[in-house]
Structure formats: C-alpha cells, structure tokens
C-alpha cells in the first residue's frame, strides 16, 4: 500500500492529530498548532477545528509576549482560518516575525504582500521576502519562488535555479512541489528524473502526478513500457471518480493479463478496483465473442 491510498492518508492524519494532542497536553502550543495544521492540510476537519479553536488562543497569548515562533504561526492561522476582520491583526504578527527574520514569518508576510493584503500588491517585494525565507530553509517559500519563476511579471531567476528551488521544496516534503518539479525537468528533457518525482508525488496522493505517471509508464516516457506500473497509478483515480481514468484503465487492461491487472491492484492498494476491471473486461470479451 502506498502513502497515496485513503487508509495511509487517514493514518497520517491520525498521527498529526495525536502529535498535536500530546504537545497540547505538554503545554507546547506552537508544536500542537503546527501538527494540527498538517492534519488540516490533509483534509482533516478535526485538525482545522483544533488549530483554530483550541490552539489559536494559546498561540496568540505567546505571540503577545514576543515569542517569534508564535507570531509567525498565529499570523498564518488568522489569515487561513479566521474571517477577514482578523487580517489586520494577522498582518501585524507577520510583519513582526518577518522583521525578526523568522523564515515562516518572512514567507507569510511575503504572501500577504504578493496578494495585496492590507496594502498594494508588490510582487518584487514578495519575491525578496520569499528569497530571504528560502535561504533560511523554508520549503514553502522555495515552492512559491519556483512557481513565480514561470509566472512573475519580472524575470528574477534562471530555469536551473527554478529547478533547485523546487527541489528544495520537494525535499522538505511539499508534495505539489514534486509534481511541479517533474514538469520543469521534463521541459528540459530530463525525463528519467522527472518520472522519479512524479512517482514520489503520486505515492503521496497527488492526483495529477498519478495520472502523469500512469501515462508515462504506458507511453514509454522516461522508462521502458510497464503496463503494470501504468495501471498501478491510474487505479487510485477511479475512487474520485474520474471517468477519463476509467476509460484509460479499460484501454490499458485490454493489453494485460488478469494476473497483471491484479498485481497492479495489489501495488496500488486498490485490489477491489482491479477486480472490477477484470470483471468488466471479461464481460466485454464475452459480448464480443458471442
């Protein structure tokens, strides 16, 4: 079973929820809030409620004593989980944390500046803030820069640097960065490396990476043709549901044995979907033969 399966995602969420609870019981509210935010990012309503309703008041109290970690964290919490009237307070905390050189504070304030929150949008200044944060090891800032390398109004970096930034972001565990990195590597014909990152992102549940990995294994891009691996990455998409994936699976399945389809189901953690595919293809063959 890969970490992209629903059961694995649920396990990850539970780990973050428990870590947050343990930290809260120890009085470590910044750690608790950080863990619950990670659960929320994976889609946990319990994580979102815990960080906004339980942790936030304690973190804000710490921020008001001058705790820079708390200031950086509460700025993001107020921005992401509270109504618009909390934004001025969030900006104040972000400014304070950024002024102190806190990586997350620099990145959060950079996001505010980029998007014109409480001030006129200033892309150049946002890039400076992101760069300062990325230099201090902030993965999300590196990801933002990697995206801006393509979309910014003013050219500020090279393609090689874009790849380095996205690698930094992916190495810090940011899944969309891995998928974006694959795109940038493919753009310069580094297909084998690109496929490695597609698989990395697919293993962590990124739908676009799953679809691309399936297509690449099927179409011999960055790898010899491997229909089992192709089907492995397409099968999880049927749970969405994704009719394009269903169609692709049936086309691919026509080229495979039942045993190969079941192996793909085992590898993907979706044996039921694999059996459904086998049954559907068998019925189709029987109809054609009758």
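Structure above, values below:
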{"quantity": "All positions within the stretch 55-67 that are part of a helix (DSSP H, G or I) and out of contact with any helix residue (DSSP H, G or I) (no Cβ under 7 Å at 6 or more places or on another chain)", "calculated": "57, 61, 64"}
{"quantity": "Hits in the stretch 238-251 (condition: surrounded by fewer than 23 Cβ atoms within 10 Å (Cβ to Cβ) and in a helix (DSSP H, G or I))", "calculated": "238, 239, 243, 244, 245, 246, 247, 248, 250, 251"}
{"quantity": "Residue list for the stretch 41-51, filter: without any contact (Cβ under 8 Å) to a residue 12 or more places away in the chain and within 12 Å of the chain's Cα centre (by Cα)", "calculated": "41"}
{"quantity": "Failed criterion for residue 186 (all others in (1) closer than 23 Å to residue 9 by Cα; (2) modelled with pLDDT of 95 or more; (3) surrounded by fewer than 24 Cβ atoms within 10 Å (Cβ to Cβ) hold)", "calculated": "(1)"}
{"quantity": "Residue that is without any contact (Cβ under 8 Å) to a residue 40 or more places away in the chain and closer than 21 Å to residue 73 by Cβ, where the choices are 184, 135", "calculated": "135"}
{"quantity": "So residue 3, is it farther than 22 Å from residue 141 by Cα, at pLDDT below 95 and either in contact with a strand residue (DSSP E or B) (Cβ under 8 Å, 6 or more places away or on another chain) or surrounded by 14 or more Cβ atoms within 10 Å (Cβ to Cβ) (or both)", "calculated": "yes"}
{"quantity": "Considering residues of the stretch 99-128 that are buried (at least 20 other Cβ atoms within 10 Å of the Cβ) and over 22 Å from the mean Cα position of the chain (by Cα) only, the residue farthest from residue 81 (Cα to Cα)", "calculated": "102"}
{"quantity": "Unmet criterion (only one of (1) outside any loop (DSSP other than H, G, I, E, B); (2) at pLDDT below 95; (3) over 21 Å from residue 278 (Cα atoms)) for residue 201", "calculated": "(2)"}
{"quantity": "Of all residues making up the stretch 142-172, the number that are part of a loop (DSSP other than H, G, I, E, B) and either in contact with a helix residue (DSSP H, G or I) (Cβ under 7 Å, 6 or more places away or on another chain) or crowded, with 16+ Cβ neighbours inside 10 Å (or both)", "calculated": "6"}
{"quantity": "Filter result for residue 43 (touching a helix residue (DSSP H, G or I) at 6+ places or on another chain (Cβ under 8 Å), within 24 Å of residue 172 (Cβ to Cβ) and exposed (fewer than 15 other Cβ atoms within 10 Å of the Cβ))", "calculated": "yes"}
{"quantity": "Some residue of the stretch 215-234 being out of contact with any helix residue (DSSP H, G or I) (no Cβ under 9 Å at 6 or more places or on another chain) and not in a loop (DSSP other than H, G, I, E, B)", "calculated": "no"}
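The values are calculated or read from the model by the stated rules, or taken from the named source; none is laboratory data. Bear in mind that the values here come from a model prediction, so they are computed numbers and not experimental data. Glycine also receives a Cβ, built like all others from the backbone with ideal geometry; neighbour counts cover every protein chain displayed.
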